[in-house]
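Engineer: To start, I am sharing the structure in question, which I have written as structure tokens.
The values are calculated or read from the model by the stated rules, or taken from the named source; none is laboratory data. Only a predicted model underlies this, so the values are computations on that prediction, with no experimental measurement involved. Don't worry about glycine lacking a Cβ; one is built from the backbone with ideal geometry, like all the others, and counts go over all protein chains shown. The area values use the complete protein model at the heavy-atom level, side chains included, leaving out ligands, DNA and RNA. Shrake-Rupley method; radii C 1.70, N 1.55, O 1.52, S 1.80 Å.
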Amino acid sequence: MNIGIAGLGLIGGSIARAFKHDTVDTVLGYDRTPSVVQKALLMEAIDIELDEEKLGICDYVIVAMYPEASADYIERNADRFKKGAVVMDICGVKKYICDRIWPVAKEKGFIFLGTHPMAGTERSGFDNSTHKMFNNASMILVPQEGTPDKVIERVSKLWGSIGFTNIEITDAENHDRIIAYTSQLAHVASNAYIKSPTALDHKGFSAGSYKDLTRVAYLNENMWTELFLENRDNLLKETEHLIAALTEYAGALRDNDADRLRELLKAGREQKEEADRYDLK
């Protein structure tokens, strides 16, 4: 098969490397920075440079750009995709791009499927990509209602071929609601936590909990600003819930209320235990 990848950053580059390493498929790659494409060719992360003409030979096209840029790229090239080809984005929000592209796909004769690989690092760019990125990771699929089961099965096998071991299928609204909590809120909390003046005076006093909580504070502010605002309502709800919860802890500390503080901590521990049990189901 011919697999086109538009955008060779951390995730797109890792997807390219994984297909090259784990499959016999032909990988075509495009990036807006020509030097990245040349590096990908030299490192054999891709076989061929992907251009507008070669889009027509791709059985699958994976667009690994920011949401707005992904939608623009797909709309701009809608007439160039092979009829029946499966085009996928890998953005961290789904309703924004699915609502824009599903009508285009229907009109132009290709299949659009929203996808979201649950993997990554705090670092960005092709230089940080790796073919091992998706080993034992989850992939979320967001098909349009009416997408044939055989297409979903094919796509699931495609992603499984590069390491994904868990495939979740949902709708765009549910994806964005949950991802606001599991991913976006974590980035907000980490980014806010690191702003304490004590962060500049912690050397020798920090261990795993500090590292775990601050890892994703090292983020790409341009990408995450776009993702946050495209999922604004869901993320705002989660952020306000976190603020309300923190306010309860602050109140117990302010009042020197050991019983209330103990209740809050116990409730949090029990919620974590319940969440862990849910993960095992």
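Engineer: Taking θ = phi - 60°, what integer Hz values does the Karplus form 6.51 cos²θ - 1.76 cosθ + 1.60 yield along the stretch 6-19, in sequence order, with x for Gly and Pro?
Structural biologist: Calculated HN-Hα couplings, in order: 9, x, 10, x, 4, 7, x, x, 5, 4, 4, 4, 5, 5 Hz.
Engineer: Enumerate the amide H contacts of Leu50 below 5 Å, restricted to partners 5 or more residues apart or on another chain; note that Pro and chain-start residues carry no placed amide H.
Structural biologist: Gly29, Tyr30
Engineer: Given the -39500 (n - 2.57) contribution per DSSP H run of 4+ residues, what per-residue ellipticity at 222 nm results for the chain, rounded to the nearest 500 deg cm²/dmol?
Structural biologist: Taking each H run of at least 4 residues, the total per residue is -15500 deg cm²/dmol.
Engineer: I would also like to ask the following. At 0.36 nm per residue, minus the direct Cα-Cα distance, what do Arg32 and Ile152 gain on full extension? Give it in nm, one decimal, please.
Structural biologist: The Arg32-Ile152 span can extend by a further 40.2 nm.
Engineer: If I take R0 = 35 Å and measure r between the Cβ atoms of Thr121 and Leu41 in this structure, what FRET efficiency does the formula 1/(1 + (r/R0)^6) give, to the nearest 0.05?
Structural biologist: With R0 = 35 Å, the Cβ-Cβ based efficiency is 0.90.
Engineer: How long, wide and thick is the stretch 43-186, going by the Cα atoms along their three principal axes, in whole angstroms, largest first?
Structural biologist: Here the spans come out as 39, 38, 28 Å, largest first.
Engineer: Give me D for the chain in µm² s⁻¹, whole number, from Stokes-Einstein with Rh from the Kirkwood sum over alpha-carbon pairs, 37 °C and 0.692 mPa s.
Structural biologist: 160
Engineer: Further question on the same structure: Of the heavy-atom accessible surface of the chain (probe 1.4 angstrom), what whole percent is carbon and sulfur?
Structural biologist: The value for the chain is 52 percent carbon and sulfur by accessible area.
Engineer: Which percent, nearest 5, of DSSP beta bridges in the stretch 110-240 are antiparallel?
Structural biologist: 55
Engineer: Between their Cα atoms, which of Lys20/Lys157; Lys54/Lys82; Lys54/Lys108; Lys106/Lys157 are more than 21 Å away from each other?
Structural biologist: Where the Cα-Cα span goes over 21 Å, the pairs concerned are Lys106/Lys157.
Engineer: A follow-up question, please. At 1.4 Å probe radius, can you tell me the per residue accessible area of the chain in Å²?
Structural biologist: In whole numbers, the chain has 57 Å² accessible per residue.
Engineer: Amide H to amide H, which residues 5 or more places from Ile62 or on other chains are under 5 Å from it, using H placed in the peptide plane?
Structural biologist: Gly4, Ile5, Ala6, Met88
Engineer: Also, quick follow-up: Taking the 0 to 90 degree range and rounding to the nearest ten, how far is the long axis of helix 221-230 tilted relative to the main principal axis of the chain, both from C-alpha atoms?
Structural biologist: The angle comes out at about 90 degrees.
Engineer: So, one more: Pop out the ³J(HN,Hα) list for the stretch 62-71 in order, Karplus 6.51 cos²θ - 1.76 cosθ + 1.60 with θ = phi - 60°, rounded to Hz; leave Gly and Pro as x.
Structural biologist: Computed from phi, the couplings for the stretch 62-71 are 10, 9, 10, 10, 4, x, 5, 5, 5, 4 Hz.
Engineer: Report, for the chain, the % of DSSP beta bridges that are antiparallel, rounded to 5.
Structural biologist: In the chain, DSSP labels about 20 percent of beta bridges as antiparallel.
Engineer: Output the relative contact order of the chain, whole-number percent, from Cα pairs under 8 angstrom with separation of 6+ residues.
Structural biologist: Relative contact order here is 16 percent.
Engineer: Something else now. Rounded to whole Hz and in sequence order, give me ³J(HN,Hα) for the stretch 77-85 from the Karplus expression 6.51 cos²θ - 1.76 cosθ + 1.60, θ = phi - 60°, writing x for Gly and Pro.
Structural biologist: 10, 4, 7, 9, 5, 4, 4, x, 5
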